[in-house]
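Have a look at the structure below before the remarks.
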Amino acid sequence: RTFLAPPIELPCGFTFCSVTGQRDQKAGMWYGLVRAMIDPQRWANKFLSQILHIVNSNAKGGILAESDAFADPKTAQEDWAKPDSIVWMNPGAIQKGKVLPKTPPPIPTMLTNLMQFSIQSISDVTGISRELMGIVEHEQAGVLEYQRKQAGYALLAPFFDALRRYHKEQGHVLLYFLR
């Protein structure tokens with residue numbers, strides 16, 4: 001037989017408190033900074049995956065070889081990519097150029113530009129400056145940096161207000177249980 005405790009009615013609200021951010025009036029949901037960063041992060045992941053696929057599929061490059069270049073073509077086919085193997089060739093095959101490496105195709109430069117754009121967009125969509133994140137890559141006047149940090153604080157104010165409200169509500173619940 002299980003024992004179920006009667007529900008507790010708190011004068012201060014629910015026993016679970018949540019940290020909120022900003023409210024989307026249409027959807028009736030709370031959201032934070034991460035919602036705006038989801039799409040640029042997906043783009044960055046997609047472009048990185050595409051670049052890795054190109055690099056991985058072209059890593060070895062392959063070879064172009066004449067049929068009489070190797071002493072044992074089947075063994076050469078199996079062992080060519082292994083770094084610790086010896087592939088025996090027929091005499092004179094190297095001097096006559098009977099084996100040539102395939103040149104792997106280059107990674108499209110536009111793909112890397114799109115990946116850099118999407119990574120930059122992650123911070124651009126939030127409006128939070130690089131100064132506030134501490135990743136400024138150039139020297140600038142201290143006054144300018146201070147003003148940009150202040151603008152970033154104004155953007156983050158609703159989230160800090162929500163965190164403060166959470167701590168107050170959680171404190172009231174904890175105090176009720178302590179009493």
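The values are calculated or read from the model by the stated rules, or taken from the named source; none is laboratory data. Everything quoted here is computed from the prediction, not taken from an experiment. Don't worry about glycine lacking a Cβ; one is built from the backbone with ideal geometry, like all the others, and counts go over all protein chains shown. Each accessible area value is taken on the protein alone, full model and side chains, heavy atoms only, with ligands, DNA and RNA left out. Shrake-Rupley method; radii C 1.70, N 1.55, O 1.52, S 1.80 Å.
Only one of the listed residues (Gly127, Gly152, Gly134) is farther than 24 Å from Phe47 by Cα and either touching a Leu at 6+ places or on another chain (Cβ under 9 Å) or open to solvent by 80 Å² or more (accessible area, probe 1.4 Å) (or both). That residue is Gly152.
Pairs linking a residue in the range 68-83 that is surrounded by 12 or more Cβ atoms within 10 Å (Cβ to Cβ) to a residue that is among the charged types (D, E, K, R), with Cβ atoms under 7 Å and 6 or more positions apart or on different chains, are Ala69/Lys98; Ala81/Lys60. All conditions but one from (1) open to solvent by 80 Å² or more (accessible area, probe 1.4 Å); (2) free of Cβ contacts under 8 Å to residues at least 12 places away in the same chain; (3) among the hydroxyl-bearing types (Ser, Thr, Tyr); (4) farther than 20 Å from Ala44 by Cβ apply to Thr109; the one that does not is (4).
Using the structure shown, decide if Ala81 is farther than 30 Å from Thr109 by Cβ and under 45 Å from the mean Cα position of the chain (by Cα).
Criteria not met by Ala81.
Screening the candidates Phe117, Phe47 for the property of being of a type in the set (Phe, Trp, Tyr) and either in a strand (DSSP E or B) or open to solvent by 60 Å² or more (accessible area, probe 1.4 Å) (or both) yields one hit, Phe117. With respect to the stated conditions, Ile54 is over 30 Å from Arg179 (Cα atoms), at pLDDT 80 or above, part of a helix (DSSP H, G or I) and out of contact with any helix residue (DSSP H, G or I) (no Cβ under 6 Å at 6 or more places or on another chain).
Annotation: Ser118 fulfils all but one of (1) touching a residue at least 24 places away in the same chain (Cβ under 8 Å); (2) more than 19 Å from the chain's Cα centre (by Cα); the unmet one is (2). Within the range 120-150, the residues that satisfy the criterion of being farther than 25 Å from Asp39 by Cβ and in a helix (DSSP H, G or I) are Gly142, Val143, Leu144, Glu145, Tyr146, Gln147, Lys149, Gln150.
Within the range 57-67, the set of residues being open to solvent by less than 90 Å² (accessible area, probe 1.4 Å), within 30 Å of Ile119 (Cβ to Cβ) and either among the acidic types (Asp, Glu) or assigned to a loop (DSSP other than H, G, I, E, B) (or both) comprises Asn58, Ala59, Gly61. Counting only residues that are open to solvent by 50 Å² or more (accessible area, probe 1.4 Å) and touching a residue at least 12 places away in the same chain (Cβ under 8 Å), the range 91-106 holds 6 of them. The residue of the range 85-124 that is farthest from Gly62 (Cα to Cα), among those that are at pLDDT below 85 and in contact with a Leu (Cβ under 7 Å, 6 or more places away or on another chain), is Leu100.
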